[in-house]
Amino acid sequence: MKNAIVRKLTSRKFWLALAAFVSGLIIAFGGGEAMADTVSGCLMSGAAVVAYIIGEGFADSCAATTEKEEK
């Protein structure tokens with residue numbers, strides 16, 4: 001279960017779909033195109049940071065487990 005959540009949170013497709021959905025909602029509710037672009041850009045930038053942090057944490061966790069097993 002945890003691996004599935006990590007995989008989804010590090011998926012670029014997931015974050016792109018989320019950004020597209022939010023942008024669509026902004027435009028549908030009367031927001032401007034510039035605002036939708038700005039929010040999408042912020043979401044994608046934030047997603048890159050989140051994916052990096054989670055991915056590095058997962059890699060470090062796997063490395064620590066491997067080191068324990070080797071001892």
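No lab work stands behind these numbers, since they all come straight from the coordinates. Since this is a predicted model, take the numbers as computed values, not measurements. Cβ sites come from the backbone with ideal geometry, for glycine too, and all protein chains shown count toward neighbours.
Can you find, within the range 38-49, the residue that is nearest to residue 9 (Cα to Cα) among those that are free of Cβ contacts under 8 Å to residues at least 24 places away in the same chain and surrounded by 14 or more Cβ atoms within 10 Å (Cβ to Cβ)?
40
Take the residues of the range 3-41 that are part of a helix (DSSP H, G or I) and β-branched (Val, Ile, Thr): which is farthest from residue 51 (Cα to Cα)?
27
Scan the range 26-37 residue by residue and report those that are without any contact (Cβ under 8 Å) to a residue 12 or more places away in the chain and surrounded by 12 or more Cβ atoms within 10 Å (Cβ to Cβ).
Answer for the range 26-37, where residues must be without any contact (Cβ under 8 Å) to a residue 12 or more places away in the chain and surrounded by 12 or more Cβ atoms within 10 Å (Cβ to Cβ): 27, 31, 35.
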